[in-house]
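Worksheet for the structure shown next.
The values are calculated or read from the model by the stated rules, or taken from the named source; none is laboratory data. Since the structure is predicted, the reported quantities are computational estimates derived from the model, not experimental observations. We place every Cβ from the backbone using ideal geometry, glycine too, and count neighbours over all the protein chains shown.
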Amino acid sequence: MKTSPKSSRGLGGKDQRILDAAKILFSRFGLKKTSIEEIAQHAGLGKGTVYLYFKSKDEIFSVLASGFAAEFDKALNEALQIPTSPTEKLRAFIETRVGFFGRCFKEYGSTAESILEAEASSVVEGIRKQYGAGHVKIIADLLEDGKSRGEFSFENPQFTALAIYHILESLVRPWNGDSEVVTSEEKAKACVALLLDGLLKRKP
């Protein structure tokens, strides 16, 4: 009889060892190049034990991706509690969005190949649909608040929010500047300068 993943997850047992091992291997080699056997070996367990907790490596990936998304959503909500003005809240949104993913990818040892593979998966696409609308609404609300206070100037809050959201989505993917990898801090700085400071030089 198989153990229900829902009943054991979060207890720090064998299922967590499997998830921790899979996180490392998926980050380094990607989903396609990682086998259940390799996950089991990395976790110090037998292959059959993995199947007691998870039906497939796709399910493992789904659990990891969902947990990652929930952790990011929590970090984002916490970051927005600190600043008071719409401008600073939007800055916090951008820096948290870019910084969170950058730190996690560095911690997991993610490669450009594994990130792009994960981004293209149906699992991640489903998570985007689950959280995306909420994040767009957060941005739109900040824009409208900022406009009412005289901080922002734009035509359509929904379209502007969508544009900002999709710009931030693109920042998850690896950037390469010549032979140097662009850091998450550099990405956030460039994005903040573009979105909040603008490109047009203001007349004195």
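Quick notes
- Unmet criterion (only one of (1) exposed (fewer than 15 other Cβ atoms within 10 Å of the Cβ); (2) within 16 Å of Val98 (Cα to Cα)) for Val136: (1)
- Restricting segment 54-88 to residues that are over 14 Å from Val124 (Cα atoms) and either in contact with a Pro (Cβ under 8 Å, 6 or more places away or on another chain) or of a type in the set (Ser, Thr, Tyr) (or both), the residue that is surrounded by the fewest Cβ atoms within 10 Å (Cβ to Cβ): Thr84
- Among the residues listed as Ala190, Ala140, the single one being within 15 Å of Phe93 (Cα to Cα), out of contact with any Phe, Trp or Tyr (no Cβ under 7 Å at 6 or more places or on another chain) and modelled with pLDDT of 90 or more: Ala140
- Lone qualifier among Leu116, Leu64, Leu90, Leu45 - being assigned to a helix (DSSP H, G or I), within 20 Å of Asp20 (Cα to Cα) and out of contact with any His (no Cβ under 8 Å at 6 or more places or on another chain): Leu64
- Among the residues here, Arg91 qualifies as crowded, with 17+ Cβ neighbours inside 10 Å, in contact with a helix residue (DSSP H, G or I) (Cβ under 8 Å, 6 or more places away or on another chain) and assigned by TED's automatic domain parsing to the domain that holds Ala161.
- Checked against the criterion of being in the same structural domain as Phe152 (by TED's automatic domain parsing), assigned to a helix (DSSP H, G or I) and crowded, with 16+ Cβ neighbours inside 10 Å, the candidates Arg103, Arg97, Arg128 yield just one match: Arg97.
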